[in-house]
Amino acid sequence: MKAIDIATEYCSKNIRYSEDIFLIDEIFEDACFWARESCREMFQTNSMRIDLVRKIDDVGAEVDRYMHGKRFKMLKNAKQGKNSLCLALISKKATIKWFVQRWINIFMNITTNPKYKTYIDIGSIGLILDENFSHDEDALALILKEEEKCEQKEDIEKWEKDLINMVNSGQFGGEATESGGTQIFLIF
């Protein structure tokens, strides 16, 4: 069974009226989840769009936010007969299918159409900035490594300051050796 079929069966049991998908937050969030899963399933079988599968979760949150902001306007326009949702509102299952297809359409516009007003360059999402980063390291380990690097840098800077102060105060110096090198000595 496909994700869109599961979504229509599952969501249609949880709503009384077709409009509920736009009016009740819990149902809207469920519909967004199933739309994301339907999108993932559809792109996994399409060799031209398989690269988008790994970006669905990153960009999906933006699509959810976009749909959330436009949901009342979509419903209002449907009741006025201004969009294709007006035909889908007749049936709960048709409304859910319309919602999933609209979610996928917005996802495609956001990720592939640079002329779209909320276009996101997905090529820059998820780039690994650290050359030494491996996929099995978690975020905490990465943060600890960065903190350790900062502490080491601070320790080196402190050591350099102390060394300069010792030389300036005459506690640290050097003398020429017979071989032509310099010998360092500390005065306690």
Counting only protein heavy atoms with a 1.4 Å probe and every protein chain in place, the carbon and sulfur fraction of the accessible surface of segment 1-120 in whole percent equals 52 percent
Once both label points are put 7 Å beyond Cα along the C-beta direction, the ILE164-MET48 separation in nm becomes 6.3 nm
From highest to lowest solvent-accessible area (probe 1.4 Å; ligands, DNA and RNA excluded), LYS158, LYS97 read LYS158, LYS97
Once all protein chains are kept in place, SER47 shows an accessible area at probe 1.4 Å, nearest 10 Å², of 100 Å²
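Protein chains only, probe 1.4 Å: how do ASP57, ASP64 rank by accessible area, largest first? Provide the component values of the computation, followed by the final result.
Working: ASP57 80, ASP64 35 Å².
Per-residue accessible area, sorted high to low, gives ASP57, ASP64.
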For segment 99-114, in residue order, the Karplus 3J(HN,Hα) values (coefficients 6.51, -1.76, 1.60; θ = phi - 60°; whole Hz; Gly and Pro = x) are 4, 4, 5, 5, 4, 5, 4, 5, 4, 5, 5, 5, 8, 10, 10, x
One computes Rg over Rh for segment 1-120 from alpha-carbon atoms, with the Kirkwood Rh, and obtains 0.96
Reported to the nearest 10 Å², MET166 has, with a 1.4 Å probe, an accessible area equal to 60 Å²
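The values are calculated or read from the model by the stated rules, or taken from the named source; none is laboratory data. Only a predicted model underlies this, so the values are computations on that prediction, with no experimental measurement involved. With ideal geometry, Cβ positions are generated from the backbone for all residues, glycine too; neighbour counts draw on all protein chains shown. Accessible surface areas use protein heavy atoms only, side chains included; no ligands, DNA or RNA. Shrake-Rupley method; radii C 1.70, N 1.55, O 1.52, S 1.80 Å.
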